[in-house]
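The values are calculated or read from the model by the stated rules, or taken from the named source; none is laboratory data. Model, not experiment: these values are computed from the prediction. Quick reminder, even Gly has a Cβ in these numbers, built from the backbone with ideal geometry, and neighbours come from all protein chains shown. For accessibility, only protein heavy atoms count, side chains too; no ligands or nucleic acids. Shrake-Rupley method; radii C 1.70, N 1.55, O 1.52, S 1.80 Å.
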Amino acid sequence: MRRFALLLVVACVMAAAAEDLKPGDRLPDCHKVPLLTLGAEYRPHYDQVPSLESLLLSDGVLVVHFTSPRPPRNAPFRTWLGEEVAALGKACLTAPYRTRAVVVVPLGDKGRRDALTVLANSPDKPWQGQDRVDLFYEPTWPRPGLYRTFRPGAAEDEAHGLTLPLTVVLGPHREIIALRGSGEGGELYDWLVRSLPAQLITAPRPPSGTASLPAGPADWPAFRRNAGHQAESPAVPNTLPYLYRAWQAEAGQTFASPAVADGTVYALTDEDGLRSYALADGQAGETFELDSAASAKLPPDMKPGEQAGAIGPHVWSSPVVAGDRLYLATGAGEVICLSRADFAPLWRRSLGGLVTSSPLVAEGALYLGSRGGAVYALDAADGALLWRFQTGGEVSSSPALSAGTLLVGSGDRRLYALDARSGEERWSLETSGAVDSSPTVAGDAVVVGSFDGCVYSARLADGKLNWRCPLGGWVHSSAAVSDDTVYIGTVNYPRTLTPRFAWLDLRSGAVKASFDMPDAVYSSPTLWDALVLVGCRDGKLYAFDRTGRQSQPLWTFATGDHLHASPVVVGSTVLLHSTDGQLYALRSARPIEAWTAEEVTPRWFMAALAKQLHQGSAELIARASAGAVGESYRLPDFDTLYSAVKAQVANPERRTRVLPRDVPSDHPGAPYIEYVLTAGLLSGYPDATFRPTEPPTHSELAGALAGVLDWISRPDYVWRVLKDRDLATGNANVEVKLEPIAGRGRRKPSDLPDGHWAAGRIARLAELGALQLDENNAFGGEVQVTLSHARTQWTLISQALRVTRTK
C-alpha cells in the first residue's frame with residue numbers, strides 16, 4: 001500500500017511538470033503531495049493529505065525553502081539550520097505586504113529526526129522569534145513529491161539527485177517570482193531582499209456566489225443584525241413589558257454576541273468553540289472546537305508560551321449565518337466556513353494575525369478587518385481572496401455595507417468608505433482618535449464613534465461631515481439609530497471621567513438626554529419596541545426608554561461578570577452572552593388570555609393559586625357552617641379559578657399597594673403578590689424582590705400550595721375564619737380534611753434529594769397522592785411549571801381537600 005501511495009504521488013507530479021519550473025511559471029496542483037510538520041508522523045490518507053496548498057497566499061508571497069538539516073562542508077552543524085530560519089524570517093519582515101516562509105526538509109523520516117535533533121541542540125533557537133516561518137518535512141523519500149514538483153528531473157535514488165538548498169518565491173495566483181539553486185545568488189537573506197517585489201498588486205475578482213444574510217424577522221444572523229448595522233427588532237404582539245429568565249446555558253467565555261437563524265442560537269466562545277442551542281428552550285446542539293493555532297506549528301520540544309507573539313484562543317468576533325453555511329473568525333486570525341447542518345468544515349483561511357472584527361457576508365463576499373490593519377474581501381464560497389485594502393492602523397471595527405459601499409473604521413483614526421467590489425477607497429473621514437466603533441448606516445448618513453470621545457455623522461455619498469458630538473472618554477460602542485435619535489455609550493477613559501449612555505439628535509448631533517453609567521459601556525445598544533437595551537461592564541443589562549423622556553433605566557438584569565457583548569433580540573427573546581461564560585435567554589411575559597397549555601407560567605400565577613386556595617377554603621368554611629351536618633364542600637375546578645383570575649387581571653383594582661421593589665403597581669400579578677406576602681403564605685427574596693415574571697419550578701409550586709394546605713387545615717384557622725365572619729357564635733363545627741385520593745399511589749418521588757428545602761411539603765402531597773409523578777416515579781422538581789402542570793396540580797389538591805360540617 002505504501003509503495004502504491006508513493007507511485008501515485010510520483011505519477012501526479014510527473015504529469016503536472018515535465019521540466020524544471022522557472023520564474024514566470026505557475027505552481028501545479030499539490031493537493032496530493034504530503035507535507036507534514038516536523039512533529040507529525042506520516043499516516044497516508046488519500047482523502048485528506050496535508051499539503052502546501054493550505055499555505056499558499058493569494059494576497060501575499062510565500063517563500064518555499066528546501067534544505068537539509070546537515071550543513072555544507074565546513075559549516076557549523078549546530079547552527080546551520082537555525083541561521084537559515086533566521087534569515088528567512090528577517091527577510092519576510094522587510095516586505096510591505098503579507099509574507100511567510102516555509103522550510104521543507106525533503107529527506108523523509110530520517111531528515112525529520114535529524115532536523116529535530118539540530119533544533120533541540122541549537123544554542124540560540126532563533127526560530128522562536130520567527131513567527132513567519134513554518135518547519136515541515138516531506139515523508140516520501142526517496143521520491144520527495146514537492147521537491148520534484150519544482151525539479152522533476154531529480155534522480156530517484158538515495159545517493160544522488162537532490163541539490164539543496166533550493167529556494168522558491170511564490171506570488172499570488174501561484175506564480176513563481178524567483179528561484180535560487182544551491183550556491184546561486186549569494187547569501188540567502190541578501191538574495192531574498194533583492195528578489196521580493198517592492199509592491200504586490202492583486203487584481204480584485206468578483207465572488208463566485210450570492211450568499212447574503214437572511215432578513216427574516218426571527219433572524220439575527222450577524223453582529224448588529226444586518227449589513228447596515230441597524231440593530232433593531234420589531235415588537236411582538238401579545239407580550240407584556242416584563243421579562244423572565246427562560247433558560248441559561250454554560251456556553252463559555254466570550255466578548256462576542258451570538259447569531260440566530262431558524263430557531264437556532266450560535267455562540268462562539270474562547271475555549272469551547274462554536275456551540276448551538278435551541279432558541280425555544282436552550283437545548284444544546286452541534287459543537288465545533290477551535291484548533292489551537294498557537295501550538296500547531298511548533299516542534300515537540302517547544303511550548304506555545306515560548307513562541308513570540310503566540311495568539312491565544314480568545315474570541316472577539318460574532319459568528320455569521322448565510323444560507324446553509326456558518327462563518328466564524330478566531331482570535332488567531334483564521335476564518336472558517338462550516339456547514340450549518342453538521343458543522344463540517346468547508347474551508348479555512350488564515351489571515352496571519354489577530355482578528356477582533358466581526359465578519360459580514362453580502363452578495364457572495366465575506367468582509368472582515370484584521371489587527372494587521374487590512375480589510376479583506378473573501379469569496380464566501382471557497383475563502384479565496386477577492387481583494388485586500390491596507391489601512392494605517394489596526395482594524396477592530398466590523399464592516400457595514402450600503403449600496404455597494406463598504407464602511408469600516410481603523411486605528412489610524414479614520415472611517416473608510418470602500419468600493420465593495422474592488423476595495424478601492426471612495427472617501428475617508430478623519431477623526432482625532434482610533435475608530436474601533438463599527439459604523440451604522442442611517443439613511444443617507446453613516447454614524448460612528450471614535451476614541452477621541454466624539455460621535456460623528458457623515459454623508460454616505462461623499463463623507464462630508466454632518467456633525468460631531470463630543471461625549472468624552474472613548475466611544476467604543478456602535479450606535480443604534482431610530483428615525484430621529486442616535487443611541488450610544490462611552491468608556492470612562494481616562495478613569496476620572498464618568499461613562500455615559502446618550503440619546504443624540506440624528507439631524508444635529510445635539511444631546512437629547514443622557515444617563516451616567518456605573519461602569520464602561522463597550523456593548524452596543526439594541527432597539528426593541530419601546531426599549532433600548534445595552535450591556536455594561538458592571539455585568540448588567542440596562543433597559544432604557546427609547547424616547548429618552550425618562551433617562552433613568554426602566555429595569556436591569558444582572559449577569560455574573562462583565563457584559564461587553566451586545567444584546568440580541570429575536571421575537572420575544574433577549575440573548576445575553578456574559579464573560580461569566582453564561583448565555584442568558586430572557587423572554588417577554590405574555591398576557592394571561594394568550595397562554596397555551598404547554599406554556600410556562602409566571603411566579604405571580606403561583607401567588608394567584610396560593611391566594612385562591614387560601615381564600616377559596618375560607619369560603620368553603622363559611623358555606624359549611626351554614627350547611628347541613630355531614631355535607632361536604634370542595635374547591636372550584638381549575639377552569640373556574642382560571643376564569644376568575646383572568647377577569648381580575650382584565651379589570652384590576654386601582655389603589656396604592658405595598659409591593660416588592662420589582663413589582664410595579666400595575667403589574668397583572670400585583671394584587672395576588674400583595675395578598676400572599678401580607679398573609680405570610682409566600683415570601684420574597686432577600687434582595688426585596690419577588691421576581692414575578694420568572695417561571696416557578698415544580699418544587700416551588702408544590703411547596704407553596706402544600707404550605708397553604710398546612711395553614712388552612714389547622715383547627716385554629718377554621719375558628720379564625722368563623723370569628724372574622726361573625727359566624728363563631730353558633731353551634732356549628734366545621735373541619736378541613738385532607739384525605740388520600742382514592743386510586744392514586746402515595747410514593748415519595750425517586751428524584752427528591754435528601755435535604756431538599758421543600759422535602760417535607762412535597763412528601764406531604766405525596767402521602768395524599770396529590771403529586772404528579774411520571775412512569776419512573778420522578779417528580780421533575782426543577783422543571784418549570786406549565787399551565788397544564790398547574791391545572792393538574794390544582795385538580796389533585798382539590799380532590800384531596802374537603803370541608804365538612806360535623807355538628
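Side notes on the structure shown:
- For Asp382, the test of being among the charged types (D, E, K, R) and crowded, with 21+ Cβ neighbours inside 10 Å is failed.
- Selection status of Ala249, touching a Phe, Trp or Tyr at 6+ places or on another chain (Cβ under 6 Å) and outside any loop (DSSP other than H, G, I, E, B): yes
- If you check Ser450, Ser508 for being open to solvent by less than 50 Å² (accessible area, probe 1.4 Å) and in contact with a strand residue (DSSP E or B) (Cβ under 8 Å, 6 or more places away or on another chain), only one passes: Ser450.
- Complete set of residues in segment 219-235 that are assigned to a loop (DSSP other than H, G, I, E, B) and at pLDDT 90 or above: Asp219, Pro221, Ala222, Phe223, Arg224, Arg225, Asn226, Ala227, Gly228, His229, Gln230, Ala231
Here is a yes/no grid of residues against (1) part of a strand (DSSP E or B); (2) aliphatic (A, V, I, L, M); (3) open to solvent by 50 Å² or more (accessible area, probe 1.4 Å); (4) at pLDDT 85 or above:
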| site | (1), (2), (3), (4) |
| --- | --- |
| Asp281 | no, no, yes, yes |
| Leu298 | no, yes, no, no |
| Gly305 | no, no, yes, no |
| His314 | no, no, yes, no |
| Cys337 | yes, no, no, yes |
| Phe343 | no, no, no, yes |
| Trp347 | yes, no, no, yes |
| Arg371 | no, no, yes, yes |
| Val375 | yes, yes, no, yes |
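- Restricted to segment 513-557, and to residues there that are of a type in the set (S, T, N, Q) and more than 20 Å from Phe223 (Cα to Cα), the residue that is surrounded by the most Cβ atoms within 10 Å (Cβ to Cβ) is Ser514.
- Pairing each residue of segment 141-153 that is assigned to a loop (DSSP other than H, G, I, E, B) with any residue that is of a type in the set (Lys, Arg), provided the two are 6+ apart or on different chains, yields C-beta distances under 9 Å for Trp141/Lys110.
- In segment 538-630, counting only strands (runs of 3 or more DSSP E) that sit wholly within it, none holds 1 or more residues that are free of Cβ contacts under 8 Å to residues at least 12 places away in the same chain.
- Just one of the listed residues (Gly423, Gly453) is of a type outside the set (Val, Ile, Thr) and either over 19 Å from Ala374 (Cα atoms) or touching a Ser or Thr at 6+ places or on another chain (Cβ under 8 Å) (or both), namely Gly453.
- The strands (runs of 3 or more DSSP E) falling completely within segment 385-487 that include 1 or more residues that are at pLDDT 95 or above and either closer than 30 Å to Gly209 by Cα or in contact with a helix residue (DSSP H, G or I) (Cβ under 6 Å, 6 or more places away or on another chain) (or both) map to 400-402, 405-409, 414-419, 425-430, 440-442, 445-449.
- Single condition His476 does not satisfy, out of (1) over 24 Å from the mean Cα position of the chain (by Cα); (2) of a type outside the set (A, V, I, L, M, F, W, C); (3) open to solvent by 10 Å² or more (accessible area, probe 1.4 Å): (1)
- The set of residues in segment 480-498 being without any contact (Cβ under 8 Å) to a residue 60 or more places away in the chain and either within 27 Å of Gly443 (Cβ to Cβ) or acidic (Asp, Glu) (or both) consists of Asp483, Asp484, Val486, Tyr487, Ile488, Gly489, Thr490.
- Check on Arg587, on the phi < 0 side of the Ramachandran plot and in contact with a Leu (Cβ under 7 Å, 6 or more places away or on another chain): yes
- Apart from one condition, Leu768 fits all of (1) of a type outside the set (Phe, Trp, Tyr); (2) in contact (Cβ under 8 Å) with a residue 60 or more places away in the chain; (3) under 30 Å from Glu631 (Cα atoms); the exception is (2).
- Just one of (1) closer than 16 Å to Gln615 by Cα; (2) surrounded by 11 or more Cβ atoms within 10 Å (Cβ to Cβ) fails for Lys646. It is (1).
Per-residue answers, yes or no, for (1) crowded, with 18+ Cβ neighbours inside 10 Å; (2) at pLDDT 75 or above; (3) not in a helix (DSSP H, G or I):
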{"residue": "Ala15", "(1), (2), (3)": "no, no, no"}
{"residue": "Lys22", "(1), (2), (3)": "no, yes, yes"}
{"residue": "His65", "(1), (2), (3)": "yes, yes, yes"}
{"residue": "Ala75", "(1), (2), (3)": "no, no, yes"}
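- Taking first residues from segment 642-656 that are acidic (Asp, Glu) and partners that are open to solvent by less than 60 Å² (accessible area, probe 1.4 Å), the Cβ contacts under 7 Å between residues at least 6 apart in sequence or on separate chains come to Glu653/Pro671.
- Inside segment 388-426, residues that are surrounded by 17 or more Cβ atoms within 10 Å (Cβ to Cβ) and on the phi > 0 side of the Ramachandran plot make up a count of 2.
- For segment 612-635, the set of residues classified as open to solvent by 60 Å² or more (accessible area, probe 1.4 Å) and not charged (D, E, K, R) consists of Gln615, Ala626, Val629, listed by residue number.
- Selection count where residues are touching a helix residue (DSSP H, G or I) at 6+ places or on another chain (Cβ under 8 Å) and among the acidic types (Asp, Glu), scope segment 624-683: 3
- Filter pass, Thr202 being assigned to a loop (DSSP other than H, G, I, E, B) and open to solvent by 70 Å² or more (accessible area, probe 1.4 Å): no
- Any hit, segment 254-269, residues being open to solvent by less than 40 Å² (accessible area, probe 1.4 Å) and either over 18 Å from the mean Cα position of the chain (by Cα) or of a type in the set (D, E, K, R) (or both): no
- Scanning segment 316-329 for residues that are open to solvent by 10 Å² or more (accessible area, probe 1.4 Å) and either assigned to a strand (DSSP E or B) or of a type outside the set (Gly, Ala, Ser) (or both) yields Trp316, Asp324, Arg325.
- Segment 597-624 - residue that is at pLDDT 95 or above and of a type in the set (S, T, N, Q) and, of those, nearest to Thr689 (Cα to Cα): Thr601
- Selected residue (criterion: most open to solvent (accessible area, probe 1.4 Å)) from residues of segment 183-197 that are part of a loop (DSSP other than H, G, I, E, B) and either among the acidic types (Asp, Glu) or without any contact (Cβ under 8 Å) to a residue 60 or more places away in the chain (or both): Glu187
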